[in-house]
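*Asks:* Just passing along the structure, written as structure tokens.
Here, each number is a calculation from the coordinates, and none is a lab measurement. Owing to the predicted nature of the structure, the values given are computational and were not obtained by experimental measurement. Ideal geometry is used to build each Cβ from the backbone, glycine not excepted, and the neighbour counts take in all protein chains shown.
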Amino acid sequence: MASEQILNSPTLSKNDKKKAYFDLVNRNKPKPPLLRNIFWAFVIGGLISVIGQGLLILYSGQGLDEKSAGAATSATLVFAAALLTGLGVYDNIGKFAGAGSIVPITGFANSMVASALEWKREGMVFGVGAKLFAIAGPVLVYGFVTSWLIGLIAFIFKG
Amino acid sequence: MDFLKAFLVGGAICVIGQLLMDLTSYKITPAHILVSFVSAGAVLSGLGLYKPLVDFAGAGATVPLPGFGHALAQGAIEGVEEKGLLGAFAGGVEATAVGVAAAIIFGYLVAVIFNPKGE
């Protein structure tokens, strides 16, 4: 029954109308996509990490020490994510992956390229140059300040 | 086994981000998630709580953004051990230099070469 049929029905009491109406609303309201979002965030975030683990093993096998292999892995993932963003692929993954495509280091690279492209028409300095840091800037600011504070605390306790 | 652990931990960290996005105020944007995850990773790392996760899950802990905060914090702590107070300034930047430079360089090149999709 549609809502107007319920409201105009001569056979239903007021309470029955109310109940029928809320049943209708409950049937038709969009299902909260929380579980689906969690599932895809988990799968895509996990897969990106697995690719990272594969790169880490690959670079370690090439004789790089642990830190260098980690740095090379980050650089490779960042390159891939930047390229996929330019090709328009990464944002399509992001539509269903949500945080699964935002939280990994690839999401950091994606945020840079996506905003730089979006504002490209503003020019090479105020468009591309500035907007690369629209989201990356705050991340670097808070990351550097937090780690500096931690270094400072380490220095005080060492002294 | 390394891959399974990386998948489970990397996926779980992303799920935390998804829950923050879906269950909190609409004012919490992806930028807020990235900023807080990097800072949280650095703080956990400073408290010695993130390293065990990295030892367990490898890339599952280093690829998500808290791993970036962990690299920053460990760099700052190691910098202090080697160079004193100057190390607190240099250590974090040095430890993450390759990743940050790669993001700027590749990000810039892609933004110059490609044009926005779906105008």
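*Asks:* How big, on average over all directions, is the shadow cast by the Cα convex hull of segment A:59-114, in nm²?
*Replies:* Details: hull surface 16.1 nm².
Spelled out: convex hull of the Cα atoms, projected over all directions, averaged, 4.0 nm².
*Asks:* Here is a further query. Which residues does a label at B:Asp22 reach in segment A:78-115, if reach means a backbone N under 16 Å from a point 7 Å past the Cα toward the Cβ?
*Replies:* Within reach of a label on B:Asp22, which here means backbone N under 16 Å from a point 7 Å along Cα→Cβ, segment A:78-115 contributes A:94-103.
*Asks:* Continuing with the same structure: Could you give each residue of segment B:8-13 its phi-based ³J(HN,Hα) in whole Hz, using Karplus coefficients 6.51, -1.76, 1.60 with θ = phi - 60°, and x for Gly or Pro?
*Replies:* 5, 6, x, x, 5, 5
*Asks:* What residue among A:Val125, A:Val50, A:Val25 shows peak mean-square fluctuation when chain A is described by a Gaussian network model with Cα springs under 10 Å?
*Replies:* Checking each option, the largest mean-square fluctuation is seen for A:Val25.
*Asks:* Further question: For chain A, what value does the Rg/Rh ratio take when both radii are computed over Cα atoms and Rh is the Kirkwood radius, given to two decimals?
*Replies:* Details: Rg = 25.1 Å, Rh = 20.0 Å.
Ratio of gyration radius to Kirkwood radius for chain A: 1.25.
*Asks:* Check cross-link reach from A:Lys67 to the lysines: straight Cα distance under 21 Å, and skip same-chain residues fewer than eight apart.
*Replies:* Hits, sequence-local ones excluded: B:Lys5, B:Lys51, B:Lys83.
*Asks:* FRET efficiency for A:Asp65 and B:Lys51, Cβ-Cβ distance as r, R0 = 25 Å, nearest 0.05? Mind dumping the intermediate values first?
*Replies:* Values: r = 17 Å, r/R0 = 0.67.
Step by step, r from the Cβ atoms, then E = 0.90.
*Asks:* Where Lys and Arg each count +1 and Asp and Glu each count -1, what net charge lies around A:Tyr21 among other residues with Cβ under 12 Å from its Cβ? Could the numbers behind the result be given before it?
*Replies:* Values: positive: A:Lys14, A:Lys17, A:Lys18, A:Lys19, A:Arg27; negative: A:Glu4, A:Asp16, A:Asp23.
So the environment of A:Tyr21 carries a net charge of +2.
*Asks:* Can you pull a Stokes-Einstein diffusion coefficient for chain B at 37 °C (0.692 mPa s), Rh from Kirkwood over Cα pairs, as a whole number of µm²/s? Please report the intermediate quantities before stating the final value.
*Replies:* Numbers: Rh = 15.9 Å.
D = 207 µm²/s.
*Asks:* How big is the C-alpha Rg of the protein assembly as shown next to the rule-of-thumb value 2.2 N^0.38 Å, as a ratio?
*Replies:* Values: Rg = 22.7 Å, N = 278, 2.2 N^0.38 = 18.7 Å.
Normalised Rg, Cα atoms only: 1.22.
*Asks:* What percent does the relative contact order of chain A come to when contacts are Cα pairs within less than 8 Å and at least six residues apart? Working shown, then result.
*Replies:* On the way: 109 pairs, mean separation 27.7, N = 159.
In percent, rounded to a whole number, it is 17.
*Asks:* Sticking with this one: Using amide H atoms built 1.01 Å from N in the peptide plane, name the residues 5+ places from B:Tyr50, or on other chains, whose amide H lies under 5 Å from its own.
*Replies:* It is B:Ser45, by chain and number.
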